[in-house]
Amino acid sequence: MRILLVEDESAIADTVLYALRAEGFEAVHCLTGGEALREVARAPFDLAVLDIGLPDIGGFALCRELRRGRDLPVIFLTAQNAEADRILGLEIGADDYVTKPFSPRELATRVRVVLRRAGAGNGAAAAAADPEPGFAHDPEGKRIRYRGQALDLTRYEYGLLAALLQRPGAVLSRAQLMDRVWGDALDSGDRTVDTHIKTLRAKLREIAAEADPIRTHRGLGYSLDNG
């Protein structure tokens, strides 16, 4: 997912970019509205985060220009207590707004919620005929993406999914998974694997409700379909 951030305060932009990229988004930062219009002309985006008080083009005017001929979700960044700005932003079709000062992680969460609500199918995601298939694993960063979206995993959920991804299609017993993932947790039992498989499946269904890539093999263990 490609996110356009238009913010003229570099310190704010740096923290937002870090939070967005940590969530697996591809984020592009522009200092001015003019620069943003040039970026959008070069390649599509899935969502825009716009500061209202830009030095060249006002955030509301920029929103209208960015949406000309395209359906682009927009989140506005507004000054504290700027109620009139928030009302006007919602009236022109903003999908959400965040009041400064704000938590970059909260903003990243709001981005994900708006994308999910919008279907994320009108910008860069629509440039591809099909969603990004399967899993993408970054072992160094300990991050896993599923169908193009970063998964928010606990330590053991990540370890379990990473172990299954090492041998797609292979059936791994609970004992094998316990040894690979919970080797340092001596008080854990076999049911621990089942519990984490359940939470993993729930998180995968949030992205693709129709899919179930984790296979249960009764009496044997689990395998993973990375198709």
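The values are calculated or read from the model by the stated rules, or taken from the named source; none is laboratory data. Quick caveat: nothing in here was measured; it's all calculated off a predicted structure. Cβ coordinates were reconstructed from backbone atoms using ideal geometry, including for glycine residues, and neighbour counts include every protein chain displayed.
The table for this structure:
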quantity	calculated
Residue that is in contact (Cβ under 8 Å) with a residue 60 or more places away in the chain and within 17 Å of Val114 (Cβ to Cβ), where the choices are Leu50, Leu72, Leu77	Leu77
Ile92 being β-branched (Val, Ile, Thr), modelled with pLDDT of 85 or more and touching a Lys or Arg at 6+ places or on another chain (Cβ under 8 Å)	no
Subset tally (residues that are at pLDDT 90 or above and closer than 23 Å to Gln149 by Cα) for the stretch 160-180	6
Test: residue in the stretch 33-43 that is in contact (Cβ under 8 Å) with a residue 60 or more places away in the chain and under 28 Å from Gly141 (Cα atoms)	yes
